[in-house]
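Everything below concerns the one structure shown next.
Bear in mind that the values in this text are calculations on the coordinates, not laboratory data. Quick caveat: nothing in here was measured; it's all calculated off a predicted structure. Here Cβ is always computed from backbone atoms with ideal geometry, including for glycine, and neighbour counts include all displayed protein chains.
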Amino acid sequence: MARQNSRSAVIVSVDKPLHQIYSREVTKKANITVVIDERDRQILHLVQRDASLAQAEIARQVGLSTAAVHERLKKLVASGVIRRWTAVVDGAAVGAGITAFVEVFLDHPRHEPALLERVLRLDEVLECHHVTGEFSLLLKVRVRNMEALQQLLLHQLGALDGVSRTRTVVVLSTVKEETYVAPVVEGAN
């Protein structure tokens, strides 16, 4: 939820990670409010495009001191706006050449907690989304080959209690795959 204050800053209510399971963050609403102004948006733009930028270079580009950039980054991390620092790896270059989207159908919602616990432990699952429609979860997975995909579907996901079926779409090619999230200015078109 975002709203704008009188100085053209955006006040954002952030999901803050409350615990981790196997190094993957699980977020719950923690009612943390952080003010994101234009300089914060500029900093977020820069670090999302290149997290290896030195704070001095970020400071030069946004017109702040290095100390001010350091404090703003600390605030953005502490508030959960920046969830983690990571490298974006080419899956094919590390042997995970198959990307697929898996729709997971559940018999009953009571089976969901156990399924989510299992999904959080699977490195092949890159994303897990609750969605509207006829299935419960949409997973983005990346695996070595079709045999590995079959093993994941049959023995890791399909064998879990409550999973009535899965439906899979295999990606032929990817035109765009981004992690960048543009900081929104409330009231802008």
Quiz item: By per-residue mean of other Cβ atoms within 10 Å, what is the highest-first order of 53-61, 105-113?
Solution: 53-61, 105-113
Quiz item: Leaving out same-chain residues fewer than 8 places away, which aspartates and glutamates sit with a Cα under 17 Å from that of Lys75?
Solution: Asp15, Asp37, Glu38, Asp40
Quiz prompt | Derived scalar couplings ³J(HN,Hα) [the range 89-102; Karplus, 6.51 cos²θ - 1.76 cosθ + 1.60; whole Hz; x for Gly, Pro] | solution = 9, 6, x, 4, 5, 10, x, 10, x, 10, 10, 9, 10, 10
Quiz prompt | Distant-in-sequence amide H partners of Arg121 (H built 1.01 Å from N, under 5 Å) | solution = none
Self-check item: Using alpha carbons only: equivalent-ellipsoid semi-axes of the range 96-170, gyration tensor based, whole Å
Solution: 19, 12, 11
Quiz item: Which whole-number percent gives the relative contact order of the range 96-170, counting Cα pairs below 8 Å spaced six or more residues apart?
Solution: 50 percent
Exercise. Kindly identify the range 32-111 as rounded, prolate or oblate by the Cα gyration tensor criterion: order the square roots of the eigenvalues as a ≥ b ≥ c, call it rounded if a/c is under 1.5, otherwise compare a/b with b/c, prolate if a/b is larger, else oblate.
Key: oblate
